[in-house]
Amino acid sequence: MPNATNLIKRRGLMLVLSSPSGAGKSTIARLLLNDKEKLELALSISVTTRPRRPSEIDGVHYHFITIREFERLRDSDELIEWAEVHGNFYGTPRQAAENALADGQDMLFDIDWQGALQLQEKMKGDVVSIFILPPSMAALKQRLHRRAEDTEEVIETRLRNARNEIERWRSYDYVLVNDDLDRAYHQVQSIVTAERLRRDRSPGLFDFVNTLLDEQLD
């Protein structure tokens, strides 16, 4: 007998993770994506004008494009959200996200508060937003230095911007403190599991319930 749960059509959700740089957002995102058995999340790959870091791969972490290319996408409404962060532009291609949601695919968005706000305004019913806080500003500074991918000047800029970013925490559905990576990851995992079960994410429930009520017993 087929699994009834698999027969119920579900619309995908947009899982938005935001945090100040260094608070652990990207690490948690990577753990979520690697959990293929339970979560099966797909990463929404943003376009950016930021220079590629040595550890990054074009088309895997970001699509690295020129400012002119970015402006063309933005001005032709081909980006579902976009933002300027630390002097660089980031955005999410519209069509890929729309297609994935319609197919029931859950998408992970590793974006800042500006992009999260745009998604919440445009696609409110699809968005599940999580803001990740560092345990302290001192810990945040240590993590940025330990990452060893930015200059001292860039690190200072990120720390200054972190306070403004943290002030946006109230606009998110969930807020976590990443003082223990394993615990923070499992908290996010629990949120995804619960949000997938929301009635309004499963249009297929209507047909399933009607079939259930029409079923004749011998």
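No lab work stands behind these numbers, since they all come straight from the coordinates. The structure presented is a predicted model; accordingly, all values stated were derived computationally and were not measured. Methodologically, a virtual Cβ is constructed for each residue, glycine included, from the backbone with ideal geometry; neighbour enumeration extends over all protein chains shown.
Points worth noting:
- Restricting the range 207-218 to residues that are charged (D, E, K, R) and not in a helix (DSSP H, G or I), the residue that is surrounded by the most Cβ atoms within 10 Å (Cβ to Cβ): Glu215
- Pairing residues of the range 166-185 that are within 13 Å of Pro20 (Cα to Cα) with residues that are β-branched (Val, Ile, Thr) and part of a helix (DSSP H, G or I), at Cβ distances under 8 Å and at least 6 apart in sequence or on separate chains, gives Leu176/Val188; Asn178/Ile28.
- Qualifying position, being touching a residue at least 60 places away in the same chain (Cβ under 8 Å) and either under 18 Å from Tyr172 (Cβ atoms) or among the β-branched types (Val, Ile, Thr) (or both), among Ala97, Ala83, Ala102, Ala116: Ala116
- All conditions but one from (1) without any contact (Cβ under 8 Å) to a residue 60 or more places away in the chain; (2) out of contact with any strand residue (DSSP E or B) (no Cβ under 7 Å at 6 or more places or on another chain); (3) closer than 30 Å to Asp179 by Cβ; (4) among the hydroxyl-bearing types (Ser, Thr, Tyr) apply to Tyr90; the one that does not is (2).
- Output for the range 45-84, where each listed residue is of a type outside the set (D, E, K, R), in contact with a helix residue (DSSP H, G or I) (Cβ under 7 Å, 6 or more places away or on another chain) and within 20 Å of Val16 (Cβ to Cβ): Val47, Leu79, Ile80, Trp82, Ala83
- Scanning the range 194-206 for residues that are surrounded by 10 or more Cβ atoms within 10 Å (Cβ to Cβ) and in contact (Cβ under 8 Å) with a residue 24 or more places away in the chain gives Glu195, Arg196, Arg201, Ser202, Pro203, Gly204, Leu205.
- Conditions (1) farther than 18 Å from Arg158 by Cβ; (2) out of contact with any helix residue (DSSP H, G or I) (no Cβ under 6 Å at 6 or more places or on another chain); (3) crowded, with 20+ Cβ neighbours inside 10 Å: number failed by Ile111: (1)
- Scanning the range 32-72 for residues that are surrounded by fewer than 18 Cβ atoms within 10 Å (Cβ to Cβ) and part of a helix (DSSP H, G or I) turns up Leu33, Asn34, Ile67, Arg68, Glu69, Glu71, Arg72.
- Restricting attention to the range 85-103 and to residues that are out of contact with any Gly (no Cβ under 8 Å at 6 or more places or on another chain) and part of a helix (DSSP H, G or I), the residue that is surrounded by the fewest Cβ atoms within 10 Å (Cβ to Cβ) turns out to be Gln95.
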